[in-house]
Amino acid sequence: MDFASTQRFFREVHATSILRYPALRQPAILIGGCGRSGTSMLLSMLGAHPNIQAIGIETNVFNQPRRWKSDRLNHWNHQRKIADFLLRAPLKEKADRWCEKTPTNVWYLPELLREFGSSMRFVHIVRDGRDVVTSVHPTLKGEYWVAPERWVRDVQLGVAYMDHPQVYTIRYEDLVADREKALGALLQFLELDLHPDVLAHDKKTTVRTINAWEGEVQAVYTSSIAKWKDPQHTEVVQQLNQLQAPYQLLEKLGYV
């Protein structure tokens, strides 16, 4: 990059970066995980918290090739792009941190931890792989959304950081079965209170529509758990079981 281009970049950063939002100085919240694992549901839940400014679409800001070798320059560039998305909705009065969800964020966990340093918390949401690979595509009826190999790859990338102090692993099933307990523990990790609005997210959230859903946000039901046991899914479940890694992952995450 030549001198003129560098100057232009810094002018853009100064004019449009997240620095324009001095209230949003608490650690950012990034969500990632294999598709069909509940990333949208989790974003909607956190988007009901008065202190969290949730971006209601997948920005894909962090899953692009890094433009510079410098983590600081890449960070400024990402902050500038995030600010553009934040401009698209009114800022909550009490919001002091922003939250972004793109499932493939989990692919870039090492880069994100290095880039943000201590100013980021990452939430990795996981779901029983057998339910993930048997999740039917919402628009392509009769077709499955996630291949068994993808579930293994994506979950392995996140599980590798389970013990990192800035990474929190949460199970979809726990969110559905005991939302108050699961969200309470997550929000404690995020150093936030369990606000009542979060437990009524379908009525209070600012994230009401996402492409992965059919229609608007809805209440959560346990009927979404263990659908893989339906005989119609036997073939794809067998494909998952034929891979070497799934059993170890399912065991590590408490599914077997």
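The values are calculated or read from the model by the stated rules, or taken from the named source; none is laboratory data. Not measured: the values here are computed from a predicted model. Cβ atoms come from the backbone with ideal geometry, glycine included; neighbour counts cover every protein chain shown.
Filter the stretch 107-153 for residues that are of a type outside the set (A, V, I, L, M) and closer than 13 Å to LEU243 by Cβ; which is surrounded by the most Cβ atoms within 10 Å (Cβ to Cβ)? Please lay out each step first, then the result.
Narrowing the stretch 107-153 to residues of a type outside the set (A, V, I, L, M): 107-108, 110-111, 114-119, 121-122, 124, 127-131, 134-135, 137-139, 141-145, 148-151, 153.
Filter once more, keeping what is closer than 13 Å to LEU243 by Cβ: 129-130, 148-151, 153.
Numbers: GLY129: 29, ARG130: 22, PRO148: 22, GLU149: 14, ARG150: 16, TRP151: 27, ARG153: 14.
It comes out as GLY129.
Need pairs with beta-carbon distance below 6 Å; first residue modelled with pLDDT of 90 or more and within the stretch 207-234, second part of a loop (DSSP other than H, G, I, E, B); sequence gap 6+ or separate chains.
Close Cβ pairs satisfying both conditions: VAL207/GLY47; VAL207/GLY56; TRP228/THR134; HIS233/THR134.
Could you check the stretch 113-131 and list, in sequence order, the residues that are over 20 Å from PHE189 (Cα atoms) and either hydrophobic (A, V, I, L, M, F, W, C) or free of Cβ contacts under 8 Å to residues at least 60 places away in the same chain (or both)?
Residue satisfying the conditions is GLU115 alone.
Is there any pair linking a residue in the stretch 43-67 that is closer than 23 Å to LEU192 by Cα to one that is acidic (Asp, Glu), with Cβ under 6 Å and at least six apart or on different chains, and which?
Pairs that qualify, where the first residue is closer than 23 Å to LEU192 by Cα and the partner is acidic (Asp, Glu), are ALA48/ASP197; ASN51/ASP96; ILE55/GLU100.
Sort through ARG36, ARG72, ARG25, ARG67 and tell me the only one that's of a type in the set (Lys, Arg), modelled with pLDDT under 95 and more than 30 Å from ASP163 (Cβ to Cβ). Before the answer, list the steps.
Working: ARG36 fails: more than 30 Å from ASP163 (Cβ to Cβ); ARG72 fails: more than 30 Å from ASP163 (Cβ to Cβ); ARG25 fails: more than 30 Å from ASP163 (Cβ to Cβ).
One residue alone meets the criteria, ARG67.
So GLN64 fits all but one of (1) of a type in the set (S, T, N, Q); (2) more than 27 Å from TYR221 (Cβ to Cβ); (3) crowded, with 17+ Cβ neighbours inside 10 Å; what number is the exception?
Of (1) of a type in the set (S, T, N, Q); (2) more than 27 Å from TYR221 (Cβ to Cβ); (3) crowded, with 17+ Cβ neighbours inside 10 Å, only one is false for GLN64: (3).
Quick one: is ASN51 under 23 Å from SER135 (Cβ atoms), modelled with pLDDT of 80 or more and among the polar types (S, T, N, Q)? Working first, answer last.
Values: under 23 Å from SER135 (Cβ atoms): no; modelled with pLDDT of 80 or more: yes; among the polar types (S, T, N, Q): yes.
No: the conditions fail for ASN51.
Just need a number here: residues in the stretch 132-159 that are free of Cβ contacts under 8 Å to residues at least 24 places away in the same chain and within 12 Å of LEU253 (Cα to Cα).
Summing the residues that are free of Cβ contacts under 8 Å to residues at least 24 places away in the same chain and within 12 Å of LEU253 (Cα to Cα) in the stretch 132-159 gives 0.
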